[in-house]
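Worksheet: one structure, shown below.
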Amino acid sequence: MSTHSTTSRVAPRPFEHPVYVTRPLLPDLQVYTAALQGIWQRQWLTNKGQLHDALERGLCDHLRVSHLSLVGSGTAGLMLAFRALELSGEAITTPLTSPATVNALTWCGLTPVFADIDPLELTLDPDAVERAITPRTRAIVGVHIYGIPCRIGPLQAIADRHALRVVYDAAHAFGTEIDGEPVLTWGDASILSFHATKLFNTAEGGAVVTPDPDLKRRIDLYKTLGIQDEITVAVPGINARMNELEAALGLANLPLVEGERRARGEIAHVYCGRLSALAGVECVAVPTGVRHSQHYFMVRVTGASPVSRDDLYERLKPFNVFARRYFYPLCSDFSFYRDCPSADPRNLPVATRVAQEVLSLPLYGALGTTAAHRICDMIEYVLRTDP
Ligand SMILES: *Cc1c(COP(=O)(O)O)cnc(C)c1O
């Protein structure tokens, strides 16, 4: 139990150094430099290197998936998947996501069509998806937002009924499981991001996961300029490879991920226990049967709170706490999507409200539960005092 007073009007002491929402997981430097020595000996920096292949195998084992292709970024992974699935026309997606999801569609010549989200789980609302289908719809692009799995069953049923592809942006879902099954096993493809801010990182990087060995082969081809052999370029591919320095970081970080997730779980437990007691603050719930990735810890600051989400966000800064409003503004509010008919806020009432409420709090193992208690003290203080 916390020994912290919940009634004191004395401002909590700010952190000495800035506390951001995340801090990259990094191995011991000696472990990484040992791997670099191998790279220097082999004189092999990229193009299907030994460490690249070892990380693909290691991730398949760790994530319990059959086929995985490492790529240069999550964004590139999305683009490669859309391209390798030969998608064109319209793709239905959520406005509450990273610009990467929607921009990757646009970059591949697809038309994003926004559908509203579920008010509790915050993932695509299957009924809204069904309503958004037109004769030009070719795919559903769901996002396991904050590590919460999409409504897999209903989305797949819609896709089956209308002969649509399903691609999941799983950038937040490294290790998310439903009833013991990795969420990555559903859909035609799932995309992971290994950017520095993600739970598992290779500084920059990502992966495409698919149950289809032929799709894995096509992704492998598309990520290396389409080069099949010395004299054959089979498809108009791009360079989206992961290099050996990134793969070495991934191999060194992989054994640390479970410990990091556990440490984050303890912090989330502190946050949830203390913050859900506050009027107007709701912790985004993990559905039953789901093992959470612990990618983000999200709260919603609702109308019942004495201060708005934006006020709380601003007033944490003097305490050296830099929360983030993921994902505000909605992608549908970007200047280049705003005029799409589906981007109208009247089409997206739930997402429009949620984007005003969500706040991501610092979550990384090295933060520790003592600092998490201090952040709760600060939030309690802000909620009960005028600026
Ligand atoms: C980070 C992120 C991406 C993009 O990944 P990069 O590796 O940065 O290209 C895609 N989708 C979501 C939801 C993300 O959070």
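The values are calculated or read from the model by the stated rules, or taken from the named source; none is laboratory data. Note that the structure is a prediction, hence the values are computed from the model and not measured. With ideal geometry, Cβ positions are generated from the backbone for all residues, glycine too; neighbour counts draw on all protein chains shown.
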- Message: I want to confirm something. Restricting to region 119-141 and keeping residues that are in contact with a helix residue (DSSP H, G or I) (Cβ under 9 Å, 6 or more places away or on another chain) and part of a strand (DSSP E or B), which single residue is farthest from PRO287 (Cα to Cα)?
- Response: THR137
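Is it fair to say LEU363 is of a type in the set (A, V, I, L, M) and either at positive phi or over 23 Å from the mean Cα position of the chain (by Cα) (or both)? Don't jump to the end; show me each part of the working.
Details: of a type in the set (A, V, I, L, M): yes; either at positive phi or over 23 Å from the mean Cα position of the chain (by Cα) (or both): no.
No: the conditions fail for LEU363.
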- Task: Quick one: count up the residues across region 221-243 that are crowded, with 24+ Cβ neighbours inside 10 Å and among the acidic types (Asp, Glu).
- Result: 0
- Checked region 366-377 for anything of a type in the set (Val, Ile, Thr) and either buried (at least 19 other Cβ atoms within 10 Å of the Cβ) or modelled with pLDDT under 95 (or both); matches are ILE375
- Task: Quick one: count up the residues across region 252-271 that are crowded, with 17+ Cβ neighbours inside 10 Å and free of Cβ contacts under 8 Å to residues at least 40 places away in the same chain.
- Result: 0
- Note on the structure: Screening VAL299, VAL284 for residues that are under 20 Å from the mean Cα position of the chain (by Cα), at pLDDT below 95 and surrounded by 18 or more Cβ atoms within 10 Å (Cβ to Cβ) leaves only VAL284
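Could you list, in sequence order, all residues of region 82-118 that are farther than 30 Å from ALA285 by Cα and not hydroxyl-bearing (Ser, Thr, Tyr)?
PHE82, ARG83, ALA84, LEU85, GLU86, LEU87, GLY89, GLU90, TRP107, CYS108, GLY109, LEU110
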- Residues within region 315-365 that are away from the ligand (no atom under 16 Å from the Cβ), surrounded by fewer than 22 Cβ atoms within 10 Å (Cβ to Cβ) and in a strand (DSSP E or B), tallied: 1
- Message: So, TRP44, is that one within 16 Å of the ligand (Cβ to nearest atom) and either in contact with a helix residue (DSSP H, G or I) (Cβ under 7 Å, 6 or more places away or on another chain) or small (Gly, Ala, Ser) (or both) or not?
- Response: no
